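Data block below; observations after.
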Amino acid sequence: QVQLEESGGGLVQAGGSLRLSCKASGGIFGFTPYHMGWYRRAPGKERELVARWRAEGTTEYGDGVNDRVTISRVNAENAVVLQMDNVKFEDTAVYYCNMYGRGQDGYEQDYWGQGTQVTVTS
């Protein structure tokens, strides 16, 4: 069983920067990730993609954030780091780390972190 440990978040001033980290551990041995990244759910809205790293080496960004967000993969730590600049009030949401891939048993598996609250303040 893979666990995703999220860090970062909390209160962020509008116009400032946000950094979220997610590290996979536990049953990571033999797990082949297809993609790993961050999603968010704002109050009253559907969950949406923020950014994710793909195994083929590309990155994918959600609408409305792609000019303010960078996602990086730290292979040695089985982790991804999300950097968001020029944070806006509409970025207030619960942010979730996600990792999707194939387990050692050959079956595809989808893992989620518990979520970390990000609140943008004036």
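Counting only residues that are under 11 Å from the mean Cα position of the chain (by Cα), at negative phi and surrounded by fewer than 18 Cβ atoms within 10 Å (Cβ to Cβ), segment 103-122 holds 1 of them. How about segment 36-87: which of its residues are in contact (Cβ under 8 Å) with a residue 24 or more places away in the chain, among the β-branched types (Val, Ile, Thr) and farther than 16 Å from residue 5 by Cα? 50, 65, 71, 87, listed by residue number.
Cβ-Cβ distances below 6 Å connect the following pairs, each with a first residue in segment 14-31 that is within 22 Å of residue 2 (Cα to Cα), a second residue that is of a type in the set (D, E, K, R), and a separation of six or more residues or different chains: 22/6; 23/5; 23/77. For residues that are open to solvent by 20 Å² or more (accessible area, probe 1.4 Å) and farther than 24 Å from residue 85 by Cβ, tally how many sit in segment 6-30. Residues that pass the stated criteria total 6.
Check whether at least one residue in segment 34-43 is open to solvent by 60 Å² or more (accessible area, probe 1.4 Å) and of a type outside the set (Phe, Trp, Tyr), and report yes or no. Within segment 34-43, one or more residues are open to solvent by 60 Å² or more (accessible area, probe 1.4 Å) and of a type outside the set (Phe, Trp, Tyr).
Residues of segment 71-102 that are surrounded by 14 or more Cβ atoms within 10 Å (Cβ to Cβ), polar (S, T, N, Q) and closer than 20 Å to residue 24 by Cβ: 78, 83, 98. Comparison of 26, 10, 15 shows that the only residue that is at pLDDT below 95 and at positive phi is 26.
Given the structure, is residue 60 under 25 Å from residue 119 (Cβ atoms), under 12 Å from the mean Cα position of the chain (by Cα) and surrounded by 14 or more Cβ atoms within 10 Å (Cβ to Cβ)? So residue 60 does not fit the description; no.
The values are calculated or read from the model by the stated rules, or taken from the named source; none is laboratory data. Everything numeric in this text was worked out from a predicted model, so none of it was measured. Virtual Cβ from ideal backbone geometry, glycine too; neighbours counted across all protein chains shown. Heavy atoms of the whole protein, side chains included, go into the accessibility calculation; ligands, DNA and RNA do not. Shrake-Rupley method; radii C 1.70, N 1.55, O 1.52, S 1.80 Å.
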